[in-house]
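The values are calculated or read from the model by the stated rules, or taken from the named source; none is laboratory data. In this text the structure is predicted, and so the values were computed from the model without any measurement. In this analysis, Cβ positions are derived from the backbone assuming ideal geometry, glycine residues included, and neighbour counts consider all displayed protein chains. Only protein heavy atoms, including side chains, enter the accessible area calculation; ligands, DNA and RNA are left aside. Shrake-Rupley method; radii C 1.70, N 1.55, O 1.52, S 1.80 Å.
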Amino acid sequence: MSLLFTNIRTLYGIQSAESTVLKGSQLGVVAQINNAWLSIHDGLISGFGEMQTMSTQIDVSSFKEVISVNDQLILPTWCDSHTHIVFAGSREDEFVSRIKGVSYETIAKNGGGILNSAKKLNDTSEDDLYISASARLRSLIKMGTGAIEIKSGYGLSLAGEIKMLRVIKRLKESFEIPIKSTFLGAHAFPAEFKNNQQAYIDLIINEMLPAIQKENLADYIDVFCENGFFNADQTAEILSAGKKYGLKAKIHANQLNYSGGIQVGVAYNAVSVDHLECVGDAEIETLKNSNTIGTILPSAAFFLGISYQPARKMIDEGIAIALASDFNPGSSPSGNMSFVFALACTQLKMTPEEAFNAVTHNGAHAMELGKEMGSITIGKKANIIITKKIPSLAFIPYSFGSNLIDQVFINGKKYE
Ligand code: NIG
Ligand code: FE
């Protein structure tokens, strides 16, 4: 299978194969070629360059298909490293309560929130969950997502968590994009464990983790480390157990409070600590001296109406950051990464180049997919976005809310 794109207005996101996670001033650099070509062989990017010199570099007649994309841009697909797209039902009633002034924490305390989704999920069959999650994933791919991480965490029982992780496994088997699976049994304490939290932690450690290992159902382990949910000591206990099962950490930290989540995540060498609305000097110092990526989820802050993450300060201090959607029914019922891109620019004051690298290249690294995804690099997967006829990369966040994606190619094949 060979495919050649010609007359690309601008090809964005070129990186060398050696390029690692981008930090500091590097985050703001996006290599591009105007009036470009891009070739694909067997689902992988095989070459690119300027139209002017194309005929000296490749034999155009050898390509099975040649597509001229006048005035359209080509970019790598978005790499969404934090989602909860397996869920049942919806929670717009809680959304309306929040509009009227009830807080997210109060809703959760009264049995709503995550426990509301858990009840719905436990009443839904694996097949029905698979059908609804597949529909969500298809629409995300059409919106430009070409790699994704998906969490469990709405089961909160052995059967429910295994059911969710089996759904994610089926998605991995049936979709062509890379999918990473994260076990989030420690998302909330079920009501029956309210007065005996340790018993739920023991259930996670002694029953859920062995069952997950048996079916090889997870790549990572996550904990919602937050006041009112799992404290830092409980998080440490769960991450330490996960490590024994070969699961690296990717955790929810510091969304609503200074929970110590960042510190415990870094202590366990987490691949990423995610959310980060509450970040002060101590948290910045901890992240700076680590290999952990700080994953910022601005659409959750937007939807809950809480303060945004201090992305500018984190970037200027040299911390590696990624951006993700957090698609879930409670705090971010959208997986639109073009909107995340726009929020990063308008609210977090990231430049379009910084935000672009954080939704592509660094997002891939936050899923340990940096070698195969996230940039225009020879040998990487040909998961690419062809935009509508727009003038520049900055036009995407500038035109927030518009759908500027014309076509998506996954492994070099048009996604229909
Ligand atoms: O990432 N913060 C914890 N978990 C999700 C929200 C879960 C929910 O409200 O259903 C999040 O925001
Ligand atoms: Fe989340």
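Each row is one residue, and each column tells you yes or no for (1) surrounded by 19 or more Cβ atoms within 10 Å (Cβ to Cβ); (2) in contact with a helix residue (DSSP H, G or I) (Cβ under 9 Å, 6 or more places away or on another chain); (3) not assigned by TED's automatic domain parsing to the domain that holds Thr286.
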position: Ile319; (1), (2), (3): yes, yes, no
position: Asp326; (1), (2), (3): yes, yes, no
position: Pro352; (1), (2), (3): yes, yes, no
position: Ala358; (1), (2), (3): yes, yes, no
position: Ile385; (1), (2), (3): yes, no, yes
position: Ala394; (1), (2), (3): no, yes, yes
position: Ser402; (1), (2), (3): no, yes, yes
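Restricting to the stretch 168-184, name every residue that is of a type outside the set (Val, Ile, Thr) and open to solvent by less than 10 Å² (accessible area, probe 1.4 Å).
Those that are of a type outside the set (Val, Ile, Thr) and open to solvent by less than 10 Å² (accessible area, probe 1.4 Å): Leu171, Ser181, Phe183, Leu184.
Looking for something within 23 Å of the chain's Cα centre (by Cα), in the same structural domain as Ile296 (by TED's automatic domain parsing), surrounded by fewer than 20 Cβ atoms within 10 Å (Cβ to Cβ) and among the small types (Gly, Ala, Ser) - is there at least one such residue anywhere in the stretch 216-223? No - not one qualifying residue is present in the stretch 216-223.
Listed here are the residues, each with its yes/no results for (1) among the aliphatic types (A, V, I, L, M); (2) away from ligand 2 (no atom under 16 Å from the Cβ); (3) in the same structural domain as His361 (by TED's automatic domain parsing).
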{"residue": "Glu50", "(1), (2), (3)": "no, yes, no"}
{"residue": "Thr53", "(1), (2), (3)": "no, yes, no"}
{"residue": "Ile58", "(1), (2), (3)": "yes, yes, no"}
{"residue": "Ser61", "(1), (2), (3)": "no, yes, no"}
{"residue": "Lys64", "(1), (2), (3)": "no, yes, no"}
{"residue": "Ile85", "(1), (2), (3)": "yes, no, yes"}
{"residue": "Glu92", "(1), (2), (3)": "no, yes, yes"}
{"residue": "Arg98", "(1), (2), (3)": "no, yes, yes"}
{"residue": "Tyr104", "(1), (2), (3)": "no, no, yes"}
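Considering only the stretch 114-123, I want to know if a residue exists there that is away from ligand 1 (no atom under 15 Å from the Cβ), touching a residue at least 24 places away in the same chain (Cβ under 8 Å) and assigned by TED's automatic domain parsing to the domain that holds Lys163. Yes: one or more hits. When residues in the stretch 99-135 are screened for being open to solvent by less than 40 Å² (accessible area, probe 1.4 Å) and part of a helix (DSSP H, G or I), 12 of them pass. For the stretch 135-156, indicate whether the set of residues that are assigned by TED's automatic domain parsing to the domain that holds Ala322, more than 21 Å from the chain's Cα centre (by Cα) and over 15 Å from Pro329 (Cβ atoms) is non-empty. No: the stretch 135-156 contains no residue that is assigned by TED's automatic domain parsing to the domain that holds Ala322, more than 21 Å from the chain's Cα centre (by Cα) and over 15 Å from Pro329 (Cβ atoms).
Yes/no per residue for (1) within 16 Å of ligand 1 (Cβ to nearest atom); (2) open to solvent by 40 Å² or more (accessible area, probe 1.4 Å); (3) without any contact (Cβ under 8 Å) to a residue 12 or more places away in the chain:
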residue: Asp281; (1), (2), (3): no, yes, yes
residue: Phe302; (1), (2), (3): yes, yes, no
residue: Met314; (1), (2), (3): no, no, no
residue: Ser331; (1), (2), (3): yes, no, no
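What number of residues within the stretch 9-59 satisfy the criterion of being in a strand (DSSP E or B), touching a helix residue (DSSP H, G or I) at 6+ places or on another chain (Cβ under 8 Å) and open to solvent by less than 20 Å² (accessible area, probe 1.4 Å)? Before you say what the answer is, go through the steps one by one.
From the stretch 9-59, those in a strand (DSSP E or B) are 9-14, 31-41, 44-50; that's our starting set.
If we keep only those that are touching a helix residue (DSSP H, G or I) at 6+ places or on another chain (Cβ under 8 Å) as well, we get 12-13, 35-37, 47, 49.
Subset that is open to solvent by less than 20 Å² (accessible area, probe 1.4 Å): 12-13, 36-37, 47, 49.
Qualifying residue count, the stretch 9-59: 6.
The single condition from (1) surrounded by fewer than 24 Cβ atoms within 10 Å (Cβ to Cβ); (2) within 16 Å of ligand 1 (Cβ to nearest atom) that Ala267 fails is (2). When every residue of the stretch 101-123 is checked against the conditions, at least one turns out to be closer than 24 Å to Glu226 by Cα, at pLDDT below 95 and in contact with a Leu (Cβ under 6 Å, 6 or more places away or on another chain).
The residue of the stretch 305-340 that is farthest from ligand 2 (Cβ to nearest atom), among those that are part of a helix (DSSP H, G or I) and within 12 Å of the chain's Cα centre (by Cα), is Met337. Among the residues of the stretch 283-300, the one identified as in contact with a strand residue (DSSP E or B) (Cβ under 8 Å, 6 or more places away or on another chain), away from ligand 1 (no atom under 14 Å from the Cβ) and part of a helix (DSSP H, G or I) is Leu287. Every listed requirement among (1) open to solvent by less than 10 Å² (accessible area, probe 1.4 Å); (2) in the same structural domain as Lys381 (by TED's automatic domain parsing) is met by Asp71 save one, (1).
Contact map, the stretch 161-185: first residue within 23 Å of Asn122 (Cβ to Cβ), second residue of a type in the set (Lys, Arg) and buried (at least 24 other Cβ atoms within 10 Å of the Cβ), Cβ cut-off under 9 Å, separation 6 or more or different chains; pairs are Met164/Lys151; Ile168/Lys151; Ser181/Lys151; Thr182/Lys151; Thr182/Lys250; Phe183/Lys151; Leu184/Lys151.
One line per residue, one yes/no per condition, for (1) surrounded by 14 or more Cβ atoms within 10 Å (Cβ to Cβ); (2) outside the structural domain of Ile107 (by TED's automatic domain parsing); (3) in contact (Cβ under 8 Å) with a residue 12 or more places away in the chain:
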residue: Pro190; (1), (2), (3): yes, no, yes
residue: Asp202; (1), (2), (3): yes, no, no
residue: Asn206; (1), (2), (3): no, no, no
residue: Glu226; (1), (2), (3): yes, no, yes
residue: Thr235; (1), (2), (3): yes, no, yes
residue: Lys250; (1), (2), (3): yes, no, yes
residue: Ala253; (1), (2), (3): yes, no, yes
residue: Thr286; (1), (2), (3): yes, no, yes
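The lone criterion from (1) of a type outside the set (Ser, Thr, Tyr); (2) in a helix (DSSP H, G or I); (3) in contact with a Cys (Cβ under 7 Å, 6 or more places away or on another chain) left unmet by His252 is number (2). The number of residues in the stretch 333-362 that are closer than 25 Å to Gly43 by Cβ and more than 16 Å from ligand 1 (Cβ to nearest atom) comes to 7.
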